[in-house]
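A.B. asks: Mind looking over this structure? Questions follow.
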Amino acid sequence: MGRRLAPLTLDNLADLPDGCRSCVFWELDPVSGRAAVDGGKGELEKEGWISAVLLEWGSCGRIVYVDDVPAGFVLFAPAAYVPRSQSFPTSPVSSDAVQLMVSRVVPGYQRQGLGRVLVQAVAKDVLRRGFRAIEAFGAVGRPTPSCVLPADHLLAVGFKTVRPHHRYPRLRLEARSTLSWRSDVEGALERLLGGARKEPALRPF
């Protein structure tokens, strides 16, 4: 079974799962996000957001492929690029951290460690850019919003709660702690990240 990771770009945006290509939950504030969805412009707004972040900050996502089939993805960026994060009761994200917006493994490829692989890829990327940690807003209880990761899932891959909340705690993973993780795609991660170009410094919109 061949596995590989690729940076998310406009060229492979179509490889995201159905529904995720037009989801702008994190990329826009609640009012603008609702207007984009109601107007059928979600996919266009998603493309615009990714294009802007690529130009201003650099790569903001990874897609994992299994035998060249898209099996999952992760999206991340500094909170300055994530308007929706300001709407959470446990915001803001720490200044030394990058926000993990969403991570998803498609049915049929779950329980194979791919979620952990994606988080490790993010950790290595943010360390290279000078950040210390990854933070994420978790969801507790039911129903769970589709674009907010369950807190239990985040805890299972090594995150720890830094700001408790009965519904939306904020969790943190020290990026260096992932360096000791063992993964059967470690070589692929090293080849991908080792060959990546140096990204520009953060310049908020």
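A.B. asks: Since V66 meets every condition but one in (1) over 15 Å from T9 (Cβ atoms); (2) of a type in the set (V, I, T); (3) without any contact (Cβ under 8 Å) to a residue 60 or more places away in the chain, which condition does it not meet?
C.D. replies: Going through the list (1) over 15 Å from T9 (Cβ atoms); (2) of a type in the set (V, I, T); (3) without any contact (Cβ under 8 Å) to a residue 60 or more places away in the chain, V66 breaks only (3).
A.B. asks: Let me ask something else about it. It is to be established whether one or more residues within the stretch 63-73 are acidic (D, E), within 12 Å of I134 (Cα to Cα) and open to solvent by 20 Å² or more (accessible area, probe 1.4 Å).
C.D. replies: So far as the stretch 63-73 goes, no, none of its residues is acidic (D, E), within 12 Å of I134 (Cα to Cα) and open to solvent by 20 Å² or more (accessible area, probe 1.4 Å).
A.B. asks: Working only within the stretch 1-39, note down all residues that are open to solvent by 70 Å² or more (accessible area, probe 1.4 Å) and either free of Cβ contacts under 8 Å to residues at least 12 places away in the same chain or hydrophobic (A, V, I, L, M, F, W, C) (or both).
C.D. replies: Hits for the stretch 1-39 are M1, L10, D11, D18, V31, R34, V37, D38.
A.B. asks: Another question about this same structure. Determine whether Q110 is assigned to a helix (DSSP H, G or I), modelled with pLDDT under 95 and either within 15 Å of the chain's Cα centre (by Cα) or under 15 Å from V74 (Cβ atoms) (or both).
C.D. replies: no
A.B. asks: Within the stretch 89-103, which residues are in a loop (DSSP other than H, G, I, E, B) and either under 20 Å from L8 (Cα atoms) or in contact (Cβ under 8 Å) with a residue 24 or more places away in the chain (or both)?
C.D. replies: P89, T90, S91, V93, S94, D96
A.B. asks: Scan the stretch 170-179 and tell me whether some residue there is part of a loop (DSSP other than H, G, I, E, B) and without any contact (Cβ under 8 Å) to a residue 40 or more places away in the chain.
C.D. replies: Among the residues of the stretch 170-179, not one is part of a loop (DSSP other than H, G, I, E, B) and without any contact (Cβ under 8 Å) to a residue 40 or more places away in the chain, which makes the answer no.
A.B. asks: Mind listing just one residue for me: the one in the stretch 12-40 that is charged (D, E, K, R) and modelled with pLDDT of 95 or more and, of those, farthest from V98 (Cα to Cα)?
C.D. replies: Selected residue: D15.
A.B. asks: While we're on this one: In the stretch 133-147, what residues are free of Cβ contacts under 8 Å to residues at least 40 places away in the same chain and crowded, with 19+ Cβ neighbours inside 10 Å?
C.D. replies: Answer for the stretch 133-147, where residues must be free of Cβ contacts under 8 Å to residues at least 40 places away in the same chain and crowded, with 19+ Cβ neighbours inside 10 Å: A136, G138, A139.
A.B. asks: Give the residue that is modelled with the highest pLDDT, with candidates limited to residues of the stretch 141-169 that are among the hydroxyl-bearing types (S, T, Y) and in a loop (DSSP other than H, G, I, E, B).
C.D. replies: The residue in question is Y168.
A.B. asks: With the structure loaded, tell me whether Q86 is open to solvent by 60 Å² or more (accessible area, probe 1.4 Å) and without any contact (Cβ under 8 Å) to a residue 12 or more places away in the chain or whether it fails that test.
C.D. replies: no
A.B. asks: Being open to solvent by 10 Å² or more (accessible area, probe 1.4 Å) and of a type outside the set (F, W, Y) is the filter; apply it to the stretch 118-132 and report the residue that is nearest to P89 (Cα to Cα).
C.D. replies: Checked the stretch 118-132; the qualifying residue nearest to P89 (Cα to Cα) is R132.
The values are calculated or read from the model by the stated rules, or taken from the named source; none is laboratory data. All values derive from a computational prediction rather than experimental measurement. Positions of Cβ are backbone-derived with ideal geometry, glycine not excepted, and every protein chain shown enters the neighbour counts. To get the accessible areas, we keep the full protein, side chains included, count just its heavy atoms, and leave off ligands, DNA and RNA. Shrake-Rupley method; radii C 1.70, N 1.55, O 1.52, S 1.80 Å.
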